[in-house]
Each structure stands twice: as C-alpha cells, then as structure tokens.
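Visitor: Before we start, here is the structure in question, set down as structure tokens.
Quick note: the coordinates plus some simple rules give every number you see, no bench work behind them. The model shown is predicted, which means the values in this text are computed figures rather than measured ones. Using ideal geometry, Cβ is built from the backbone for each residue, glycine included, and neighbour counts are taken over all protein chains shown.
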C-alpha cells in the first residue's frame, strides 16, 4: 500500500464555485472540490495556482496531504494568499513533489431542493 | 506558473446543447461549455471544428485565450462561421498552436426547477 | 479537418440503462449513449461487444459512422444480435478499424420531474 | 472478445458514500460504485485498498471478476476486513493481476425526490 501512484502536475480548467447555495451546511454547501490521494510514504505539500479569465494567476495555495492519506479540498475554503470569489470562472493547476492522483468534484445546490453533481479525474500533465 | 501544459488537439464527441431552458439567464441557461486553460506565456487563438451526424464539419470557430488565462466558451454562443443549432447532436475538435488543457461541461435545465450537470476532461488526441 | 484522431479500442465498464423513464420520448427517455466521432476520410463500421455479470459477452453489434461525422448511439436502441435488457448491468468494448473518439453519456429520468446526467470520455485501450 | 484490456492499477481519490438516502432500495440507495470490466480469459481476484483523511489505509478488500465478465461493486456493500462508514471521505486503489478497466459512479439521493449522478473513468496508474 506504499507505492507512489500518479503524476506530479494536474490541471482542472473548468472551475466555478456554485453560488448561492441552499440547504444545511456543510452537507449542501455549493462547492468545487479537489480530491487528492497520496499513496506514498511521506507527507507532501501540494500547491495550487488559480487561473482566471481577466487577471493574473493567484497562488500558490498550499495544502498538506499526509503519507498514505487522502485530502478532499473545497476550493471555496481556500483563503491564503487570497479568498476565492464564488461564482467566478477559474481553472487550477496542482503541483506535487511526489506523484499523487487528483479528482475534481462539483456540488451545485443553487436551486432549493435540488442537488446536481459533476466530476472527472483531473488532467495529468 | 508559466509552463506550457497539456496537448494541442482535444476532442469532445458527445455535444448537444440542451433546449429548452428554464430559469433566469445566464445562470440557468442550458449550455455546453468548453473550458480552456492556457498556462503558457503568450495569447493563443484556438480553433474549433464542429462535426455533425448529417452534414459536413463546420469551422473553424476562433477563440482567443490570453497568456496565463482560462476561457470558458459556451458552445451556444458561437455564431461565426455559423450559429449553433440548439438540441442538435454534434462533436467538436479543438486545435491550439501551443499546449492547453480542455474540459467539457453541460448544464441541462430543460425541466423547470431542475438543474443537471455532466462533464469530463476532453480527450487529448 | 480530415485527420484520423483517437484510438481503435474503447471501453466503458459501467453501463446500465435506467428504467423506468418519465417524461416525453425521446427527449426524456432514460438512456445510455455512446458518442463516436470519426474525423477520418472514410466511413467506418465500428463493433460493440456487451459484457455482463452473469453471461457470456454478446456481439458484435455493428454501427456505421460516416466520414467526418459523429454518431450518438443509444445502447437501448440496439437490437441485433440481441435486444438490450433495461436496468441490467453491462460493460462494453467498442472496436474500430480506424481511430475514433468515444464518450459515454447516461440520462436518468427514473424519478418524475427529475433528470440526472453523468458521463465521461471512455477508456482508450 | 478475449483480449486483455486496460491496466493493473486504478485510482479513485474522491470517494464518499452519500448518506442518508431516500427512495426504495436498492434502486435508490445512495452509493459509490466501482465498475470493473475483465475482458480476459480467466477469472481474477482484484483487491481494493481504502485510504482515509485521518487513519491508515484499510484492505485488502477482495472481489472476484469472472472471465469475460463485468462486476459493479457498491463500496457501501464492502464489509471485510471492515465495513465502510457512510458519509466518510475516502479514496481507493484497485489492483488486478491482469489488465482490467475501472469506472467510478456515484448515486446521491440525500434529498427526497431527487437523484444526482456523477462518475468518471478511474485513473490508470
């Protein structure tokens, strides 16, 4: 269970945190999420750079993922170096010093009483 | 943050802009979207060719993506060389002079009070 | 627009045509769909083999895709050599004599007044 | 129809079995599912290791997939070596002695009268 699996650079071009959200938080918060699996034997700090339509990239956002652990990062929880604006189109690039695997998930609860999901394995660059 | 990432040709076979749509525009418009991330240091013009079940391909549609920028392109907004017909099956091929990454997203609001999403990283050819 | 793009073998392990369906047909029929893009300069006959949990594979199902055309094939419309049973788990393998690109899409309308979508680029083997 | 297709290691970082669920079981149970296609000529035992945010990986879970068969495994049905806790973030790594293909599917029925789906081909490591 200790192999290194995956790639060091991952890309998600189609980000946009849904806003507003309906329903109890945090279960029905609208979110974009990056799910990272680190099968390796040491903790890693991965970095995220966010790209926009109308501004220079912002980053790095830093996220720790333990050895043999996953981490599900809600993009809307990122605040340093800059809080993420909801409902703003973005893309992101994740870089890791060791191979990891990354999946993207969106939960959309903009309509009351409705939940929509979409996701995909990110692109390993 | 200035590396070139991705591939020069991307394919999405399963297009079809949902119609009709319900809910306020543009948030709840039915759409198919191509999300492009250009991590490189120069602006690029990418081209789209649309393929159909019953007619020759139409294109190129031209889209600019700035250096270190994303661009989320709604297929239903494309008008030149030919407006896209809603609810018509299509596929598309995106070509870029430099590597980019492409994600496909559909928002379906054909039913009042319902939003359905689906998407995937496109196929890098 | 005439290049050959893609791969000759594509796999979708997670098939199951949703049943029952609610809403007007064919727009709200429950379906699993394979979307094929043939960017090449000649018509191709692709073949599908369907795999099951409890029976030998069935096939080949034959589907024509014109030169420079797409074809969106609803699995539930396949009848030869054997009609597809709805709500039965299956997987499928598509083979093509020339490179094509394949995307999977499911539309689920088992609940009245609800549409759910999911899809992914198929696996190029 | 007897070729070996796919890869021997597959990764899904973004697991979380939706809870609670609404609607008749098993059709509307909330689930995460791994769909495995074994195109080869012999039965295989694939193993799953589950990774968590706050604990060491758990496994191997063992699943048989017949020759020329698919198997759709609901993660929430896994009980040995340890039952899966619902609504807990996880990731998983599937290993097979021969090539197989793996697709991930989630069905979310946490809201009464709503079904949401998302899925993707898993990452072939």
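Visitor: Would you mind pulling out the separation of the Cα centroids of the range C:37-114 and the range B:1-74, in Å?
Guide: A separation of 26 Å, based on Cα centres.
Visitor: Follow-up. May I ask you to report, in nm to one decimal and beginning with the shortest, the distances from residue C:62 to the same position in the other copies, taking label points 7 Å along Cα-to-Cβ?
Guide: The projected label point of residue C:62 is separated from its counterparts by 4.5, 4.5, 6.3 nm.
Visitor: Turning to a different aspect of this structure: Take peptide A:45-51, look around each residue's Cβ out to 10 angstrom, count Cβ atoms belonging to other protein chains, and average those counts. Intermediate values should be presented prior to the final figure.
Guide: Values: counts 0, 0, 1, 0, 3, 2, 9.
Taking the mean over all residues of the peptide, I get 2.
Visitor: Could you give the nm distance between label points at residue B:45 and residue C:77, where each point is 7 Å from its Cα heading toward the beta carbon?
Guide: Reported label-point gap for residue B:45 and residue C:77 is 3.8 nm.
Visitor: Round to the nearest 0.05 the FRET efficiency obtained for residue A:22 and residue A:53 when R0 = 22 Å and r is the Cβ-Cβ distance. Provide the component values of the computation, followed by the final result.
Guide: Details: r = 27 Å, r/R0 = 1.21.
Using R0 = 22 Å, I get an efficiency of 0.25.
Visitor: Once both labels are modelled 7 Å past Cα along the beta-carbon direction, what's the residue A:3-residue D:85 spacing in nm?
Guide: A separation of 2.8 nm, rounded to one decimal place.
Visitor: Expressed as a whole percent, how much of the Cα-Cα distance distribution for the range C:23-78 exceeds 18 Å?
Guide: The calculated P(r) of the range C:23-78 puts 45 percent of pairs beyond 18 Å.
Visitor: Could you grab the Rg to Rh ratio for the protein assembly as shown? Cα atoms only, Kirkwood for Rh. Working shown, then result.
Guide: Working: Rg = 21.1 Å, Rh = 22.6 Å.
Rg/Rh: 0.93.
Visitor: Let me check against my output: what whole-number percent is the relative contact order of the range C:37-110, with C-alpha pairs under 8 Å and at least 6 apart?
Guide: 39
Visitor: Viscosity 0.692 mPa s, temperature 37 °C: what is the translational diffusion coefficient of chain D from Stokes-Einstein with a Kirkwood Rh over Cα pairs, rounded to a whole number of µm²/s?
Guide: Translational diffusion coefficient: 220 µm²/s.
Visitor: Using Cα-Cα distances under 8 Å and only pairs 6 or more residues apart, what relative contact order does the range B:70-125 have, in percent? Write out the running numbers ahead of the final one.
Guide: Working: 34 pairs, mean separation 11.8, N = 56.
In percent, rounded to a whole number, it is 21.
Visitor: Put the label 7 Å from Cα along Cα→Cβ for residue A:19; what are its distances to the other copies, in nanometres, shortest first?
Guide: Its label point is 3.2, 3.2, 4.6 nm from the equivalent points in the other copies.
Visitor: Could you check the spin-label model distance between residue D:67 and residue A:67? Points 7 Å from the Cα along Cα→Cβ, value in nm.
Guide: The answer from the label model is 4.3 nm.
Visitor: Only counting other Cβ atoms within 10 Å, I'd like C:16, D:8 sorted with the fewest neighbours first.
Guide: Sorted ascending by nearby Cβ count, the order is D:8, C:16.
Visitor: OK, next. Which ordering of C:114, A:93 is given by a fewest-first count of other beta-carbon atoms within 10 Å?
Guide: C:114, A:93
Visitor: To continue, here is another question. If you put a point 7 Å past Cα along the Cβ direction, how far is that point for residue D:41 from the same point in each other copy, in nm, smallest first?
Guide: 3.9, 3.9, 5.5
Visitor: Just tell me how shielded D:15-23 is by partners: mean number of partner chain Cβ atoms within 10 Å of each residue's Cβ, no decimals.
Guide: Working: counts 5, 4, 0, 3, 1, 0, 0, 0, 2.
Across D:15-23, the average partner-chain Cβ count within 10 Å equals 2.
Visitor: Follow-up. Output the relative contact order of chain A, whole-number percent, from Cα pairs under 8 angstrom with separation of 6+ residues. Provide the component values of the computation, followed by the final result.
Guide: Details: 329 pairs, mean separation 50.7, N = 125.
That works out to 41 percent.
Visitor: Still on this structure: Name the chain B residue with the Cβ nearest the axis that maps B onto D: which is it, and what is the distance in angstrom?
Guide: B:120, 3
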